[in-house]
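Visitor: Before I ask anything, let me first share the structure, which is written out below as structure tokens.
Just so it is clear, none of the values below were taken in a lab; they were calculated from the coordinates. Please read these numbers as outputs of a predicted model, since none were measured by experiment. No Cβ is skipped: glycine too gets one built from the backbone with ideal geometry, and neighbour counts run over all protein chains shown.
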Amino acid sequence: MKPLIQLIASATASIAFATSVIAAPAPAANEAPDVLIKRISADVIDAVKADKDIQAGNRSKIMDLVNVKILPYVDSEKMTAQAAGRFWRQATPEQQKRLSEEFRTLLVYTYAGALSQIKNETVEFKPMRSDPADTEVEVRSQVNVTRGEPITLNYRLSKTPQSWKIYDVNVLGAWLVETYKSTFTSEINKNGIDGLIKRLADRNQQLAAKPLKAPK
């Protein structure tokens, strides 16, 4: 189950790099961060379990679900900038735009593959440790699977004028931004920012040609 939860976490934390293709309700400005995460988790899991087409890998329905249930609640600019690290400031506006688009697309495909595998997982949340004045918080949870030990899944959120937004996720002790930062840094050092953009674009083309299949 570890790869599955990593895929879900990756997407949940990082796929909001473009405007939703379907109109989604605006998040409530006064909604507490733990309440927000609980709602997103429940909405996504319930939607998948209720739709056999999604479980079978229906790409269109999965993309619709991603756009409606996930995209409005992620801080796209913060995630992109942190993953790129110091190279983000060196990139031109056009490079930043293209990098964000390709990274978003990669994670959408990743999430699409993970969604069709959700079966009987449940999410259990830990008590919040925060102050009302905090502008950054961590919401802690664990994913309970049918077989094996529960899997740690924690979220970092920051407060924006509109609502709380996810900007990082921790799976089994590893923060997602740091994982991507290492990958991005390695590729940029070899081939520059344009090289990273091309690598992501090539991977997206491969994934676009590959049908989604639910596990047997």
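Visitor: Once amide H atoms are placed 1.01 Å from N in the peptide plane, what residues at a sequence separation of 5 or more from V74, or on another chain, have their amide H within under 5 Å of its amide H?
Guide: Distant-sequence amide H within range of V74: I166.
Visitor: For region 133-216, rounded, prolate or oblate, judged on the Cα gyration tensor with a ≥ b ≥ c (square roots of eigenvalues), a/c < 1.5 rounded, else prolate if a/b > b/c?
Guide: Working: a/c = 2.01, a/b = 1.23, b/c = 1.63.
Oblate, because a/c is 1.5 or more while a/b does not exceed b/c.
Visitor: Could you check the spin-label model distance between A32 and S158? Points 7 Å from the Cα along Cα→Cβ, value in nm.
Guide: Each label point lies 7 Å from its Cα, and together they span 2.4 nm.
Visitor: Describe numerically, in nm with one decimal, the distance between label points set 7 Å from Cα along Cα→Cβ at K126 and at A201.
Guide: 4.2
Visitor: Can you give the Rg to Rh ratio of region 141-189, both from alpha-carbon atoms, with Rh computed by the Kirkwood formula? All intermediate terms of the calculation are to be shown ahead of the outcome.
Guide: Working: Rg = 14.4 Å, Rh = 12.8 Å.
My calculation of the ratio gives 1.13.
Visitor: Using 28 Å as the Cα-Cα cut-off, could you pick out the over-long pairs in K69/K126; K78/K119; K49/K210; K49/K126; K52/K210; K38/K159? All intermediate terms of the calculation are to be shown ahead of the outcome.
Guide: On the way: K69/K126 22 Å; K78/K119 32 Å; K49/K210 23 Å; K49/K126 24 Å; K52/K210 20 Å; K38/K159 17 Å.
Table pairs above 28 Å Cα-Cα are K78/K119.
Visitor: Equivalent ellipsoid semi-axes for region 74-191, as square roots of 5 times the alpha carbon gyration tensor eigenvalues: give them largest first, rounded to whole Å. Before the final figure, lay out each step's value.
Guide: Numbers: eigenvalues 151, 80, 35 Å².
With the √(5λ) rule applied to region 74-191, the semi-axes are 27, 20, 13 Å.
Visitor: Here's a follow-up. Go through 134-143, 96-105 and give me the packing order, highest mean Cβ count within 10 Å leading.
Guide: Numbers: 134-143: 17.0, 96-105: 20.2.
The peptides rank, most packed first, as 96-105, 134-143.
Visitor: So for the pair T183, K119, with labels modelled 7 Å out along Cα→Cβ, what separation do we get in nm?
Guide: Between T183 and K119, the label points sit 2.6 nm apart.
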